[in-house]
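Report on one structure; see the data block that follows.
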Amino acid sequence: QVQLVESGGGLVQAGESLRLSCAASESGFSINAMGWYRQAPGKQRELVAVITSGGSTNYADSVKGRFTISRDDAKNTVYLQMNSLQPEETGVYYCNAEGKTKVFGIRRDYWGTGSLVTVAS
């Protein structure tokens, strides 16, 4: 079982920055990777960035060089620093945790409730 609590969304002007946080609390679950996904109005949810337990990262091409994902294992928290935000990046940002149960090793993933980011032009 994993609970994910997101924070840091809000309204910014184009070109400004925001930092999202996602705190994970887990019980009987081993997290392998955590990431951020974005769902714009009327569109499907898409990957923004992911970071593995080993520290490897992967980004959507559109955010490379502007967004940075990081994790603080002591706090079980993952962050997404978003710079130079653009209006088309408006949407709900969801935190995701992927891994497996400590008993039986069943793979699962969990989602946060989402954090709204609005970028005004």
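The values are calculated or read from the model by the stated rules, or taken from the named source; none is laboratory data. Note that the structure is a prediction, hence the values are computed from the model and not measured. All Cβ positions, even for glycine, are placed from backbone atoms using ideal geometry, and neighbour counts span all protein chains on display. We work out accessible area using only protein heavy atoms, side chains counted, and drop any ligands, DNA or RNA first. Shrake-Rupley method; radii C 1.70, N 1.55, O 1.52, S 1.80 Å.
A few points about this structure:
- Filter result for the condition that a residue is touching a residue at least 60 places away in the same chain (Cβ under 8 Å), farther than 18 Å from GLN13 by Cα and of a type in the set (Gly, Ala, Ser), over ALA33, ALA49: ALA33
- Scanning the stretch 1-51 for residues that are outside any strand (DSSP E or B) and touching a Leu at 6+ places or on another chain (Cβ under 8 Å) yields GLY8, GLY9, ALA14, GLY15, GLU16, SER17.
- Scoring TYR110 on the criteria (1) open to solvent by 40 Å² or more (accessible area, probe 1.4 Å); (2) within 14 Å of the chain's Cα centre (by Cα); (3) of a type in the set (Ser, Thr, Tyr) leaves a single failure, condition (1).
- Checked against (1) assigned to a strand (DSSP E or B); (2) touching a Ser or Thr at 6+ places or on another chain (Cβ under 8 Å); (3) of a type outside the set (D, E, K, R), SER84 meets all criteria but (1).
- Test: residue in the stretch 91-99 that is in contact (Cβ under 8 Å) with a residue 40 or more places away in the chain, hydrophobic (A, V, I, L, M, F, W, C) and open to solvent by 30 Å² or more (accessible area, probe 1.4 Å): yes
- Checklist (1) under 14 Å from TRP111 (Cα atoms); (2) touching a Pro at 6+ places or on another chain (Cβ under 8 Å) applied to ALA14, failing item: (1)
- Of the residues making up the stretch 65-84, those that are in contact with a strand residue (DSSP E or B) (Cβ under 8 Å, 6 or more places away or on another chain), closer than 21 Å to THR118 by Cβ and either among the charged types (D, E, K, R) or open to solvent by 20 Å² or more (accessible area, probe 1.4 Å) (or both) number 5.
- Filter pass, GLY54 being open to solvent by 50 Å² or more (accessible area, probe 1.4 Å), within 21 Å of ALA120 (Cα to Cα) and in a loop (DSSP other than H, G, I, E, B): no
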